[in-house]
Each structure stands twice: as structure tokens, then as C-alpha cells.
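Here's the structure we're looking at; comments come further down.
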């Protein structure tokens, strides 16, 4: 099997999707029937190292088109003029689906869409993208919630959809003491810390920052040393800072700004509770990372967080529109001991890789049954 993967980002990039793509490429390369994998990234940090040995010996990573839409299309076109022998095309973002469809025309390969979260819960509004997506042979989602919402508007059969949750590096995300330097940086000595980590996006105000802020004042009356640490940056920071002032919470909220990848574990370890009552999360790898560090987590019952927090042994889920539920969850979580959930290894890379291999095997069987044939939907 020869695989062509159209991805947004991978090596050299931070964030959950970048990690998902790197894990996916490794799992593709280690599948016994894989002959070769070619990945074409849309974005990559300058100077990023690309592994070429070990599990990535079968990988070609084409970077001529990074950080430019026109160069990306040109790079892909040049490659396919010379290399059209592919069996499977993976399209890792809905915006890349028209290019995926064109690649299928050139190669005759099966075309599989990968979707993560909110961007795939409803039609994109772009007729070409939406028609391309509806012509996919199969799809992979990170959560059952996303699968359900995706199939609802695309009308793709659920039986050609596969759920592949994010994975966590359990060797890296482990419990440990609070970093004294960070305690000094944020003045958190002898404080009880709530943490939310995520991009402060003005177009997607759904991470749960507002919901935590709105219960923080009442909780502070019960818990005098309570501090809310907001880790992350983005265009919505100014609005949130203004909201903190209007609520009179200046002494209760710390904005950490952008957190470098190498400091992420230590930031999780600062927290006594990780709280992210979101509304648009496709899965929420941050929950797994916080759990790995032994921090009790609070998520949402309104989105893909339910896949990351499947039951109370992993954490608590609440209705983000019900402040009393959130307040009670924070009270309960602060009483919990710091501990890694017993079955967190269900989200290990080993199990991620096994799931990828199972999906590839299932896709091969579907193809033999002629279920995966190019359609004329576009």
C-alpha cells in the first residue's frame, strides 16, 4: 500500500492537530502492508527537524509548498505528474478536500477525510468543499460526537466512518512537583489554582474561559486563596482582560500568555484542577495531558470532551450553560487526590497505532467489497 497524506501541519508545529498528524504518519509507516507514505504539509515551522529513520524510513515529507497556498498546490501538482501510483489518499482537513478529490481523479486511489471538531459539525459554506467532502469514500473522526454531527449533514454512511481519538505521551505527561520558578513567575505560592490552557480565539469563544470567570467570584468567597490561571494567547485576550476587570477579579486571574511546548508539563502541574467547560471541542487532548500529570479535570457534556472523559474515573463533565453544575464540579474536584486515571493508557500511542492499523485493515476490506469506489458526487 502506498499512501498520500495531505496535512495542515505536523513536524515542528505545536497543538493537538499537529501531534495527531505526527502520530498518524508514524502509525502509517509502521503498518506491515505499507510500502511508502508521502506527506504534503501546508504549514511547518522554519528549521523544524524531519525524522527520516526508525519508524519514518518509509516517509517522504514534501516541504516545498509550506506556508503558501499557491506553492502548496504547485508542489502537489508537480509530485502527482511524476508519482500517481497511490492506493490511499488521506485528507487531513476539510479545506483540503477539493485537492484530495483532484488527487483521486489522478490516482484512482481511495479517498479518506479526517475531521477533528467544530469545523466539521456543519457545512462549511463553500460549495466546492462541501461537495468534495460528500464524495469521500470513508472518513475518520477524533470523537463519536464529531462522527455523529459529520454524518448528519454529509449523509455519508456511518459504517464508513471510524473513530480515532488523540493519543498522549505517557512518558512525558507525568505527575510531579510544582515548579518553583513558575510559582514565582505567577505569584502562586500557597494558592489553589484552576487552570485552562488553550488559544484565546475571538472567533471561537467556546473553550470555557468565560464560564469559569463567571463562577470565580462566588467560589472565591468559599475558597479565599483561589486563583484562575489562563494559559494561552490570542486575539480574544483583550476582551477577557476587560471582563476580568468588570467582574472585579483582577486579583484572582493570571494571564500566562503563550506557553512554549517545553513548559507545558510544568504548567499543568501548577493546577489543582483543570477546568475547561467547552462547547465546541472536537476531542480535547488537553484533558489527557492534565490527567497524565495527575490533575483532576472538568470538561463538558456538550461536545467531544465526552470521548476524552468517558466516565467519572477520568473526570467530571458538566453542562457549560449551568453555572451551578460547574461550581459543584470544581468543589468536588478540589477534594480529589492528585492521581493518574487507572485506564488512561487507553489513549497511549501504542493503542493509537493499533487503532490506525485496524482502520487500514478495515479500509482494505471495504475496498475489496467495492464499498470504496470513487463517486460522481462532484
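The values are calculated or read from the model by the stated rules, or taken from the named source; none is laboratory data. Being a predicted model, the structure only gives us computed values, none of them experimental. So basically every Cβ, Gly included, is an ideal-geometry build from the backbone, and we count neighbours across all protein chains shown.
For every residue, the table says whether it meets (1) touching a strand residue (DSSP E or B) at 6+ places or on another chain (Cβ under 9 Å); (2) closer than 26 Å to residue 198 by Cα.
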position: 10; (1), (2): yes, yes
position: 55; (1), (2): no, no
position: 58; (1), (2): yes, no
position: 62; (1), (2): yes, no
position: 74; (1), (2): no, no
position: 87; (1), (2): yes, no
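Taking the stated definitions as given, is residue 24 in contact with a strand residue (DSSP E or B) (Cβ under 7 Å, 6 or more places away or on another chain), in a helix (DSSP H, G or I), modelled with pLDDT of 95 or more and on the phi < 0 side of the Ramachandran plot?
Numbers: in contact with a strand residue (DSSP E or B) (Cβ under 7 Å, 6 or more places away or on another chain): no; in a helix (DSSP H, G or I): yes; modelled with pLDDT of 95 or more: yes; on the phi < 0 side of the Ramachandran plot: yes.
When the stated conditions are applied, residue 24 does not pass them.
Kindly check whether there is at least one residue in the stretch 46-58 that is part of a strand (DSSP E or B) and either at pLDDT below 95 or at negative phi (or both). Scanning the stretch 46-58, I find no residue that is part of a strand (DSSP E or B) and either at pLDDT below 95 or at negative phi (or both), so the answer is no.
Would you check which residues across the stretch 265-285 are more than 16 Å from residue 325 (Cα to Cα) and at pLDDT below 95 and list them? Step through it out loud before you land on a result.
To start, the set of residues in the stretch 265-285 that are more than 16 Å from residue 325 (Cα to Cα) comprises 265-272, 280-285.
Passing the criteria: 280, 281, 282, 283, 284, 285.
With a requirement of 1 or more residues that are under 25 Å from residue 184 (Cα atoms) and touching a strand residue (DSSP E or B) at 6+ places or on another chain (Cβ under 6 Å), the strands (runs of 3 or more DSSP E) lying completely within the stretch 254-371 that satisfy it span 273-275, 297-300. Of 53, 87, all but one fail to be within 28 Å of residue 357 (Cα to Cα) and surrounded by fewer than 14 Cβ atoms within 10 Å (Cβ to Cβ); the exception is 53.
Does residue 38 satisfy the condition of being under 21 Å from residue 357 (Cβ atoms), more than 23 Å from the chain's Cα centre (by Cα) and at pLDDT 95 or above? Against the criterion (under 21 Å from residue 357 (Cβ atoms), more than 23 Å from the chain's Cα centre (by Cα) and at pLDDT 95 or above), residue 38 does not qualify. In the stretch 132-149, which residues are over 16 Å from the mean Cα position of the chain (by Cα) and under 12 Å from residue 117 (Cα atoms)? Selection gives 148, 149.
Given the condition under 30 Å from residue 1 (Cα atoms), modelled with pLDDT under 95, outside the structural domain of residue 93 (by TED's automatic domain parsing) and buried (at least 21 other Cβ atoms within 10 Å of the Cβ), answer yes or no: does some residue in the stretch 300-319 qualify? So that I can check it myself, show each step before the final result.
Narrowing the stretch 300-319 to residues under 30 Å from residue 1 (Cα atoms): none.
No, because not a single residue in the stretch 300-319 is under 30 Å from residue 1 (Cα atoms), modelled with pLDDT under 95, outside the structural domain of residue 93 (by TED's automatic domain parsing) and buried (at least 21 other Cβ atoms within 10 Å of the Cβ).
Within the stretch 330-371, being more than 30 Å from residue 1 (Cα to Cα) and without any contact (Cβ under 8 Å) to a residue 40 or more places away in the chain holds for 332, 335, 337, 342, 343. Filtering the stretch 195-209 to residues that are out of contact with any strand residue (DSSP E or B) (no Cβ under 8 Å at 6 or more places or on another chain) and either buried (at least 20 other Cβ atoms within 10 Å of the Cβ) or closer than 30 Å to residue 342 by Cα (or both) leaves only 206.
Scanning the stretch 210-244 for residues that are in contact with a strand residue (DSSP E or B) (Cβ under 7 Å, 6 or more places away or on another chain) and closer than 21 Å to residue 14 by Cα, which turns out surrounded by the fewest Cβ atoms within 10 Å (Cβ to Cβ)? Ranking the candidates gives 233 first. When the stretch 63-94 is filtered for residues that are assigned to a helix (DSSP H, G or I), within 26 Å of the chain's Cα centre (by Cα) and touching a residue at least 40 places away in the same chain (Cβ under 8 Å), only 76 remains.
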